[in-house]
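The values are calculated or read from the model by the stated rules, or taken from the named source; none is laboratory data. Keep in mind that what you see is a predicted model, and the values were worked out from it rather than measured. Every residue, glycine as well, gets a Cβ built from its backbone with ideal geometry; the counts of neighbours run over all protein chains shown.
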Amino acid sequence: MFNDIGALELVTLVVLAVLVFGPDKLPKVIQDVTRTIRKIREFSDSAKQDIRQELGPEFKDFEFEDLNPKTFLRKQLDNDELGLKEIRNGFDLKKEMAEVTDAVHGRDAEPSSSGSSSSGSGGGRIDMSKKPDMSKKPETPAKSDKPGDDRPPFDMDAT
């Protein structure tokens, strides 16, 4: 229940408890708290038993922890009846991301040893690198009369 409490946090809680309740009343408060926690656990266990008895023998393996969505999904996905482990193991996300990165940067993911597949068409790959189109004449922006005004020209088509 309190697995993530460190030693420093525990000491801080003890010091705060001594300051708030005092050293005389602290043992009585600890007894009251433990008694209350014990009663809550007993009530919870009896309620679980009553629910199991009301559900009948077909739900004898029913666990209340399965009602938590994370636990339910983890239990269902770990079940090997669906064959999801083979599908999950078939994906190599790092390899896929490396191939996408290489394609974006225009590098060959796996260099070919024969070189016969590249017949000038790029081996079936699409060149996604930005290259200037030399068929169009580049427009020169109008120079401003004001010194230090390096704003780009206003483009009506872009707005």
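Checking the structure you have, find out if any residue of region 49-63 is among the charged types (D, E, K, R), surrounded by 11 or more Cβ atoms within 10 Å (Cβ to Cβ) and in contact (Cβ under 8 Å) with a residue 12 or more places away in the chain. No - not one qualifying residue is present in region 49-63. Being acidic (D, E) and at pLDDT 85 or above holds for only one residue in E99, E86, and it is E99.
Residues that are among the aromatic types (F, W, Y) and surrounded by 10 or more Cβ atoms within 10 Å (Cβ to Cβ) within region 1-46 comprise F21, F43, listed in sequence order.
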